[in-house]
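Visitor: Let me begin by handing over the structure; questions about it come next.
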Amino acid sequence: MKIYTKKGDTGSTGLIGGTRILKSSLRIEAYGTIDELNSSIGLVKDQEINTIYKAQLLEIQDRLFTIGSSLASDPEKSNMKIPDLHEADTKLLENWMDEMDQQLPEMKSFILPGGHTTVSFCHLSRCICRRAERIIVDLNQNNFVAPEVIVYINRLSDYLFVLGRKIAQDLGIEDQPWHPRM
């Protein structure tokens, strides 16, 4: 199988189900941003971090492929069986966050991103996740998006924030609170 098909040379691409749409469409932007998020999470996973976090991030990358498949499907024409996202997937993120949160100091202010490259990569992934969420919510206004996708992506950005704080703690780096100038 060749990587290139030349079918997209005019600016369109095919969805699962055969429908062709412009590469600039909101649906393509949605699953393209999920792909970008997946790549940025791979960058976090490739850092010198706890193997538990690496395993969690690998699981998340798998779920992001599930979400990408869902977003790349024409909900009205696709008969292809694609993986499902489940409520339990979101619950797993919540459990992981709860475990990390128990070890973190209470937040008393907004936290500035940074302190270490790995922590910054977590925050960058969180920002990409929030952008994906905004695009998916916009897409959902006029096109079907499985409700669990929106919930999962919302929770994933929270997870990435908590993971960044936990990795900072593991590295001995204190949160840098934001002190607004008044």
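Visitor: Please go through region 56-82 and give me each residue that is among the hydrophobic types (A, V, I, L, M, F, W, C), farther than 18 Å from Ser157 by Cβ and at pLDDT below 95, ordered by number.
Guide: Hits for region 56-82 are Ala72, Met80, Ile82.
Visitor: Please enumerate the residues belonging to region 1-37 that are at pLDDT 75 or above and hydrophobic (A, V, I, L, M, F, W, C).
Guide: Ile3, Leu26, Ile28, Ala30, Ile34, Leu37, listed by residue number.
Visitor: Out of Ile34, Ile60, Ile67, Ile49, report the one residue that is surrounded by 15 or more Cβ atoms within 10 Å (Cβ to Cβ), touching a residue at least 60 places away in the same chain (Cβ under 8 Å) and in contact with a Gly (Cβ under 9 Å, 6 or more places away or on another chain).
Guide: The conditions single out Ile34.
Visitor: Further, regarding this structure: Which condition does Ser125 not pass, out of (1) hydroxyl-bearing (Ser, Thr, Tyr); (2) part of a loop (DSSP other than H, G, I, E, B); (3) at pLDDT 95 or above, if it passes all the others?
Guide: (2)
To keep it simple, each residue is scored yes or no on (1) touching a residue at least 60 places away in the same chain (Cβ under 8 Å); (2) under 18 Å from Ser70 (Cβ atoms); (3) out of contact with any strand residue (DSSP E or B) (no Cβ under 6 Å at 6 or more places or on another chain).
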| position | (1), (2), (3) |
| --- | --- |
| Arg130 | no, no, yes |
| Glu133 | no, yes, yes |
| Ala146 | yes, yes, yes |
| Leu156 | yes, yes, yes |
| Gln169 | yes, no, yes |
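Visitor: Within region 1-31, take every residue that is among the basic types (Lys, Arg) and loosely packed, with under 12 Cβ neighbours inside 10 Å and give me the one that is nearest to Arg63 (Cα to Cα).
Guide: Taking the candidates together, the pick is Lys2.
Visitor: For region 37-46: of the residues being farther than 24 Å from Pro75 by Cα and free of Cβ contacts under 8 Å to residues at least 40 places away in the same chain, which is surrounded by the most Cβ atoms within 10 Å (Cβ to Cβ)?
Guide: Only one residue tops the list, namely Lys45.
Visitor: Could you list, in sequence order, the residues of region 138-155 that are surrounded by 15 or more Cβ atoms within 10 Å (Cβ to Cβ) and not in a loop (DSSP other than H, G, I, E, B)? Walk me through how you get there before you give the answer.
Guide: Our first condition is that a residue be surrounded by 15 or more Cβ atoms within 10 Å (Cβ to Cβ); within region 138-155, this holds for 139-140, 143, 145-146, 148-155.
Residues satisfying the conditions are Leu139, Asn140, Glu148, Val149, Ile150, Val151, Tyr152, Ile153, Asn154, Arg155.
The values are calculated or read from the model by the stated rules, or taken from the named source; none is laboratory data. Treat the numbers as computed from the prediction; the structure is a model and nothing was measured. Counting neighbours? That spans all protein chains shown, and the Cβs are built from the backbone with ideal geometry, glycine included.
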